[in-house]
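Accompanying notes for the structure given below.
The values are calculated or read from the model by the stated rules, or taken from the named source; none is laboratory data. Because the structure is a prediction, the values reported are computed rather than measured. Quick reminder, even Gly has a Cβ in these numbers, built from the backbone with ideal geometry, and neighbours come from all protein chains shown. Heavy atoms of the whole protein, side chains included, go into the accessibility calculation; ligands, DNA and RNA do not. Shrake-Rupley method; radii C 1.70, N 1.55, O 1.52, S 1.80 Å.
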Amino acid sequence: MGRAGCCCRGAERLASPSLVRRFRPLLLLIIALCCGAHIGQCQVATPQCRIQKCTTDFVSLTSHLTPAVDGFHTEFCKALRAYSACTQRTAKSCRGNLVFHSAVLGISDLMSQRNCSRDGPTSSTHPEVHLEPCNYHSRTQHAHAHSHGHAHSHAHSHTHGHSRPGYLFCGLFGDPHLRTFKDSFQTCKVEGAWPLIDNDYLSVQVTNVPVVPGSSATATNKITIIFKPYEGCTDQRVYQAVTDNLPAAFDDGTVSSGDPIHTFAGADGAAGKVRALWISERTPGHHVELHAGYIGVTVIVRQLGRYLTLAVRIPEELAQAYDATQDLQLCLNGCPSGERIDQAGLLPLPLSPPALGLQLQQLRRPSYSSQTQAYPYGAPQVFGVEGAKERCREKLEVQDIYFHSCVFDLLTTGDANFTIAAYSAQKDMESLHPHRDRWRIYPRGSATSTLHSDCQPIRRLTLLLLCALSRALM
């Protein structure tokens, strides 16, 4: 009997065992994505095979996890073991199924990469645990389980669509560059105080000041975050950071709020508890994280050079909880058109920085020669376009919008600290943004953007790789 699978010209050359072993994680990822998109060119799960349910449960168990939260490693390994156990239970009915075998190999690879043991506790898709009212994920999971039990006869698609909460990301850094909840990337002036988020649960406001004389570019030197009172979990808490004062406490001197309610296990296996709201100082004076478990919010604040950066992850349903008086939110609606520096996503590079030239002339005056302490973060430099690109490439390998923002900031200000700001903003986005397929944004009209808009060659290559792997696994 011949081999099952697709017949694609050129697949034989790709199906050599050495190539398959080398690129197996990539090929497995492509298979998962293709099957999720219903390409349908290769084998799909049969009605008796429950591999799709196993995968759906794994996604549900891990969707709320983020590396920025303590206990991520332990919980992810528990979910992997549960995924593995599920595949073992359905192995007999999935024999010969490409998606099933790909999942088994993928689980093995992930366990090796995460250093997860095969033996140990597993996560439960329907855990019999008590409700934690001050833990957002616990509340949403409990509400889903309750509604699922009362509406079991309804269509499966209805319950599946509400099996886990959706999250949104917003970030601000540099001159400043704003990434909205809708993944719109903007560069704005917005001098003075502006609200980024203002809803029934959370308010975030930033204050921006001019960076150099004669330029419309500004940067953030103050961030105010208000966690509004939530009955039974926390009173109102205010966190405020300004340049050279990035505290590891709220305004009232406390570092947490609420009773210890949420148990977690660290990477070393030690168990502990966190409160409904707490602050973690990662690097004194430079990097602070605020975790509001009762509303599922994580905020990262950094100081890089003289200015501050911000990254926020928030549940979508809470971000939408506002009234008509709270519609001015930069994270929600972006900057007003009159405050935009970019042109519909195209960030024009300044031809020359005259204000910086004036600044450097002042530095050369005798009266300024003995005042080097006025520039504790390094004196401004003169960058040309190629020099700015070279400096940004030292930290940012992919020439996406973060790279182009870095170049813009160096040309505008001459402050090399903005290179680190762009790099850190990108890493914070990757840590908090819930949708990996939306991480990369490319400037409008760039060669990379044009390449991503043409998906047909990628689809053809995807099918070729799928067929190659299917021949190797059969």
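Longer than 22 Å from Cα to Cα, which of Lys53/Lys92; Lys53/Lys182; Lys182/Lys222; Lys182/Lys389; Lys395/Lys427 are they? Say none if no pair is.
Beyond 22 Å: Lys53/Lys182; Lys182/Lys222; Lys182/Lys389.
Among residues other than Leu410 whose Cβ falls under 12 Å from its Cβ, what is the net charge (Lys/Arg +1, Asp/Glu -1)?
Every neighbour counted, the sum reads -2.
Ranking request for peptides 296-306, 211-221: highest mean number of other beta-carbon atoms within 10 Å first, then the rest in descending order.
296-306, 211-221
Tally Lys and Arg at +1 and Asp and Glu at -1 over the other residues with C-beta under 12 Å from the C-beta of Ser184: what net charge comes out?
Residues near Ser184 contribute +3 overall.
Roughly what % of Cα-Cα distances in the stretch 50-114 sit above 13 Å, to the whole percent?
61 percent
So between Asn245 and Glu231, what do we pick up on full extension, going 0.36 nm a residue minus the alpha carbon distance?
2.0 nm
With the cut-off at 26 Å, report for the stretch 167-333 the share of all Cα pairs above it, as a whole percent.
The proportion of pairs with Cα distances above 26 Å equals 28 percent.
Describe numerically, in nm with one decimal, the distance between label points set 7 Å from Cα along Cα→Cβ at Gln113 and at Asp200.
Label-label distance for Gln113 and Asp200, simple model: 3.9 nm.
Order Ser60, Ser337 by their accessible area, 1.4 angstrom probe, all chains in place, largest first.
Per-residue accessible area, sorted high to low, gives Ser337, Ser60.
Find out how many positive minus negative residues lie around Val212, taking Lys and Arg as positive, Asp and Glu as negative, among other residues whose Cβ is under 14 Å from that of Val212.
Residues near Val212 contribute -2 overall.
Might you tell me the accessible area per residue for the stretch 50-114, computed with a 1.4 Å probe and given in Å²?
Value returned for the stretch 50-114: 45 Å² of accessible area per residue.
According to a simple spin-label model (label point 7 Å from Cα along Cα-to-Cβ), what is the distance in nm between Ser216 and Glu394?
3.1 nm
What length, rounded to one decimal in nm, is gained on full extension from Ala324 through to Val382, with 0.36 nm per residue of separation minus their alpha-carbon distance?
Numbers: separation 58, 0.36 × 58 = 20.88 nm, distance 4.58 nm.
The Ala324-Val382 span can extend by a further 16.3 nm.
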